[in-house]
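As structure tokens, the structure follows; a few thoughts come after it.
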Amino acid sequence: MANDAVTEQARMRRFRDAALPHLDEVYTLARYLMRNTSDAEDAVQECYLRALRHFDSYRGPAMKPWLLTILRNVCNAEFARRGRGEVPTDYVQDELVAEEMPMWQEPQASPEKVILQQQDRATIRRLVEELPEPFREAIVLREVNDLSYKEIAEVAGVPVGTVMSRLARARAMLRSAWNTAETATARPGSAAASGIAL
Amino acid sequence: MNCAESEVLLHALIDGELDAGHAREVEAHAVVCSDCAEKLASFRAMREAMAGAALKEVAPAHLRNRVEASLTPPAARVVSMRSFFKPTRRSFFGGFAVGSALSAALAASLVLTVIRGDQEQAVADEVVSAHIRSLQPGHLMDVATSDQHTVKPWFNGRVDVAPPVIDLTAESFTLLGGRLDYIDSEPVAAVVYQRRKHVINLFVAQHLGAKHTPTVAESIQGYNVRRWSQGGLDFWAVSDLAGDELDEFVQKIARAVPRSSGAS
């Protein structure tokens, strides 16, 4: 019994040392998946408890994608439990979403389209948050959590090819929304002045 | 390469995930296709803008504390370990005194050397956890006053020691108040001080880990910890204050504690 307690403490210590340095990354993904602070915090807490329970079966290679996989499962389980508006990432058909959102059609190239508007942090965050799943998850894992395609594929449980097409769609949607946000916020005549010429 | 292929592969290109052969093909396509060239440039700019926007979040301190506290073994588990070993230690010393079962005692002493280290560590972990718990909103103090003559009597009947409560305001350690805490499921007096924004918890009990004189200094989970024994009491000071400042605090407390304040 006593040895069990000692072993358990050593195990917890090992887990803390390995997992706590990634708290910010886990919290970041949680914020983008849950889209509000208190749900994100609950998800992070649950993620760490689950990770501790499964720590014995953890064989690597990297702690960060492993934790993010668990967090993603926690979030999807929560959405499934609520069974309301939010749709779990797993149940969304990529093609279906692409049909519903005709953003895949790129605007025709013309001189003014070659300008990507400068956006502040808050706007960029909002644009990312407004992306539908599973595209939001893909872009956050790539651009914010800095995962490789292979790691994103592991976290999302899909082939690398799917990751590539999701990222392509996510960026196309984001760019389109980005330019819409530009027209919505820019004062007439000031768009060219504040834009980044490419 | 056609545009349909390029549209997907150009993302892999800007993400640095494309092998050299494919990268050249996409770039060659972009030279002849202004549409794809524009996309490549604009997605690159978007990627840079996102990287520059610092979209990464920082977990709030209360969440970090909450997660850390949940990853600390509950007191009950430590208690079961201690109650298992306390009698063993006693019987070890007893056995040694009468000089019987020498080989068994030797074996036991080997086990104890290992176990006592872990046990000491377990108490240290609990003390730090108690400190982290205390930092959560509303957990810091049961009695909030800078008046030492209010804090000291408050502990009467709550803990079996009379913890020295010392006014160090002049030395820029402000007395915030006192709290009843549990470590190893024993009630422990926690006297709370503050320097600038740094909270210091001074835990005082009759038995809180092994006796240490002089002071033992260590750092656990980023917190500085000092423990020492004096006048029959065990002291643990925990804070995120810099090590040398915490040493200063410990010196001032140690100097002010009466030689035999002891148990009440």
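The values are calculated or read from the model by the stated rules, or taken from the named source; none is laboratory data. Everything numeric here is computed off the predicted structure, so don't read it as measured data. Here the Cβ is made from the backbone with ideal geometry for all residues, glycine too, and neighbour counts use every protein chain on show.
Take the residues in the range A:13-40 that are crowded, with 21+ Cβ neighbours inside 10 Å and among the β-branched types (Val, Ile, Thr), then tell me which one is nearest to residue A:128 (Cα to Cα).
Once the filter is applied, the top-ranked residue is A:28.
Working carefully through the options B:137, B:164, find the one that is out of contact with any strand residue (DSSP E or B) (no Cβ under 9 Å at 6 or more places or on another chain) and either in the same structural domain as residue B:238 (by TED's automatic domain parsing) or farther than 25 Å from residue A:12 by Cβ (or both).
Going through B:137, B:164 in turn, the sole match is B:137.
Looking at residue A:24 and the list (1) free of Cβ contacts under 8 Å to residues at least 12 places away in the same chain; (2) more than 13 Å from residue B:63 (Cα to Cα), which single condition is not satisfied?
For residue A:24, the failing item is (2).
Does residue B:217 count as under 19 Å from the mean Cα position of the chain (by Cα) and closer than 20 Å to residue B:134 by Cβ?
no
How many of the residues making up the range B:52-75 are under 30 Å from residue B:26 (Cβ atoms) and more than 7 Å from chain A (Cβ to nearest Cβ)?
Number of matching residues: 1.
So, in the range B:1-28, of the ones that are part of a loop (DSSP other than H, G, I, E, B) and away from every other protein chain (no Cβ under 12 Å), which residue ends up modelled with the lowest pLDDT?
Looking at the filtered set, the residue picked out is B:1.
Quick check on residue B:204: is it in contact with a helix residue (DSSP H, G or I) (Cβ under 9 Å, 6 or more places away or on another chain), of a type outside the set (D, E, K, R) and in a strand (DSSP E or B)?
For residue B:204, the condition - in contact with a helix residue (DSSP H, G or I) (Cβ under 9 Å, 6 or more places away or on another chain), of a type outside the set (D, E, K, R) and in a strand (DSSP E or B) - is not met.
Where the second residue is in a loop (DSSP other than H, G, I, E, B) and the first is of a type in the set (Phe, Trp, Tyr) and lies in the range A:154-168, which pairs have Cβ atoms under 8 Å and are six or more apart or on separate chains?
Cβ pairs passing all conditions: none.
Restricted to the range B:38-55, and to residues that are part of a helix (DSSP H, G or I) and more than 12 Å from residue B:14 (Cβ to Cβ), which residue is farthest from the chain's Cα centre (by Cα)?
Checking each candidate, the answer is B:38.
Quick check on residue A:43: is it within 15 Å of residue B:59 (Cα to Cα), in contact with an Asp or Glu (Cβ under 7 Å, 6 or more places away or on another chain) and buried (at least 16 other Cβ atoms within 10 Å of the Cβ)?
yes
Which residue, of A:58, A:27, A:32, is away from every other protein chain (no Cβ under 11 Å) and among the aromatic types (Phe, Trp, Tyr)?
Of A:58, A:27, A:32, the one residue that is away from every other protein chain (no Cβ under 11 Å) and among the aromatic types (Phe, Trp, Tyr) is A:58.
Filter the range B:50-73 down to the residues that are of a type in the set (Lys, Arg) and either closer than 12 Å to residue A:16 by Cα or surrounded by fewer than 18 Cβ atoms within 10 Å (Cβ to Cβ) (or both) and list them by number.
Matches in the range B:50-73: B:56, B:64.
Among the residues of the range A:3-17, count how many are touching a residue at least 12 places away in the same chain (Cβ under 8 Å) and either aromatic (Phe, Trp, Tyr) or farther than 16 Å from residue A:45 by Cα (or both).
3
Which numbered condition in (1) modelled with pLDDT of 50 or more; (2) surrounded by fewer than 14 Cβ atoms within 10 Å (Cβ to Cβ); (3) under 25 Å from residue B:211 (Cβ atoms) is the only one that residue B:147 fails?
Unmet condition: (3).
It is to be established whether one or more residues within the range A:142-150 are more than 9 Å from chain B (Cβ to nearest Cβ) and in a helix (DSSP H, G or I).
Looking for residues that are more than 9 Å from chain B (Cβ to nearest Cβ) and in a helix (DSSP H, G or I), one finds none in the range A:142-150, hence no.
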